[in-house]
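Below: the structure, in structure tokens.
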Amino acid sequence: MNSTPSSLSQLQNNHIDLWSVSVEQFTDSKQEQANMLLTEQEQIKIASYKNNNAKKTALISRALCRLVLSQYIGCAPQAHQFIRNQHGKPSLANNPKKLTFNISHNDKLVVIAVCVNDQIGCDIESPERRVSIEPITRRYFSEQEHSMLMAKQGESQKQAFFKIWTLKEAFVKATGIGISLGLDSFYFILDQPQQASQDIKVAFNAHYPLDTDQAWHCYHDSLHSQALSLCRASDSKQKINYLEASHLFQ
């Protein structure tokens with residue numbers, strides 16, 4: 001992994017910086033440091049969580065977001081102010097450099113994707129998670145995706161499922177609408193083996209509510225054994241810069 005973030009000009013053109021930090025390696029001292037970066041309101045909200053794992057990942061996510069954004073904006077992590085759209089997606093309140101970001105986490109990893117101007121979404125899931133593929137895809141996925149997955153078996157089916165699942169989550173997060181967009185209103189085409197650096201094509205059904213002429217670049221990869229997907233609304237093919245974030249907490 002790299003340790004140097006992209007410049008703002010690189011981000012504006014076709015770069016995505018993807019920062020990650022391991023939850024398991026996040027010590028108690030780092031948690032104390034992370035808590036000091038948050039607002040009082042954020043601290044109160046996280047302290048109210050009943051589940052300790054949820055409390056830890058929420059703390060890391062919010063602190064990491066502040067630390068990462070400060071790598072591009074010359075202000076202290078504590079100084080960032082955020083607003084949310086009507087669907088709950090956060091963005092910077094004062095943002096002359098037009099940074100956009102998105103966060104995802106599970107109990108293993110926290111990631112934040114950063115770019116400029118364009119909307120971006122990311123999602124990670126554990127491929128070892130136990131899921132009932134047939135009822136989930138029949139209810140939530142498009143007919144095209146459901147049929148494709150039902151034609152597969154075993155490990156091949158499971159890998160394809162997590163690829164589509166994370167791609168769909170990343171896509172709806174990038175739109176800023178979330179799952180109310182309709183997970184069956186669009187679908188991903190996995191007709192050929194793809195490398196992590198190659199685009200995965202997204203197509204739209206008739207009831208897709210947004211502009212179908214908008215260009216999208218979507219990618220899938222494995223990061224620390226977790227299934228990872230990224231989607232960015234952009235005309236340009238993207239270069240993904242993987243960055244380790246643990247040193248930001250030192």
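Points to keep in mind about this one:
- Subset of the stretch 159-176 that is of a type outside the set (S, T, N, Q) and in contact with a helix residue (DSSP H, G or I) (Cβ under 7 Å, 6 or more places away or on another chain) - its residue that is surrounded by the fewest Cβ atoms within 10 Å (Cβ to Cβ): 160
- Only residues that are over 25 Å from residue 123 (Cβ atoms) and either at pLDDT 90 or above or polar (S, T, N, Q) (or both) were counted across the stretch 76-96, and they come to 5.
- When the criteria are applied in full, residue 182 fails the requirement of being out of contact with any Asp or Glu (no Cβ under 7 Å at 6 or more places or on another chain) and within 26 Å of residue 248 (Cβ to Cβ).
- Failed item in (1) more than 20 Å from residue 25 (Cβ to Cβ); (2) out of contact with any strand residue (DSSP E or B) (no Cβ under 9 Å at 6 or more places or on another chain), with residue 142 passing the rest: (2)
- Within the stretch 31-54, the presence of at least one residue that is outside any helix (DSSP H, G or I), under 22 Å from residue 124 (Cα atoms) and not hydrophobic (A, V, I, L, M, F, W, C) is confirmed.
- Flag for residue 142 being surrounded by fewer than 20 Cβ atoms within 10 Å (Cβ to Cβ), within 23 Å of the chain's Cα centre (by Cα) and at pLDDT 95 or above: no
- Taken over the stretch 8-54, the criterion of being of a type in the set (Gly, Ala, Ser) and under 18 Å from residue 67 (Cβ atoms) is satisfied by 20, 22, 29, 34.
- Any hit, the stretch 194-216, residues being of a type in the set (D, E, K, R) and within 28 Å of residue 86 (Cβ to Cβ): yes
- Residue list for the stretch 73-131, filter: in contact with a strand residue (DSSP E or B) (Cβ under 9 Å, 6 or more places away or on another chain), surrounded by fewer than 18 Cβ atoms within 10 Å (Cβ to Cβ), among the small types (Gly, Ala, Ser) and not in a loop (DSSP other than H, G, I, E, B): 91
- Residue 135 meets all of the listed conditions (1) under 23 Å from residue 103 (Cβ atoms); (2) modelled with pLDDT of 95 or more; (3) in a helix (DSSP H, G or I) but one, namely (1).
- Any chance residue 55 is on the phi < 0 side of the Ramachandran plot and either touching a Lys or Arg at 6+ places or on another chain (Cβ under 8 Å) or exposed (fewer than 11 other Cβ atoms within 10 Å of the Cβ) (or both): no
- Hits in the stretch 137-186 - residues which are free of Cβ contacts under 8 Å to residues at least 24 places away in the same chain and out of contact with any His (no Cβ under 8 Å at 6 or more places or on another chain): 139, 146, 147, 149, 150, 151, 152, 153, 154, 155, 156, 179
- For the stretch 226-239, a tally of residues being surrounded by fewer than 19 Cβ atoms within 10 Å (Cβ to Cβ) and either of a type outside the set (Asp, Glu) or more than 15 Å from residue 117 (Cβ to Cβ) (or both) returns 3.
The values are calculated or read from the model by the stated rules, or taken from the named source; none is laboratory data. Quick caveat, the model's predicted, so the values are computed rather than measured. When we count neighbours, we look across all protein chains shown, and the Cβ atoms used for this are built from the backbone with ideal geometry, even at glycine.
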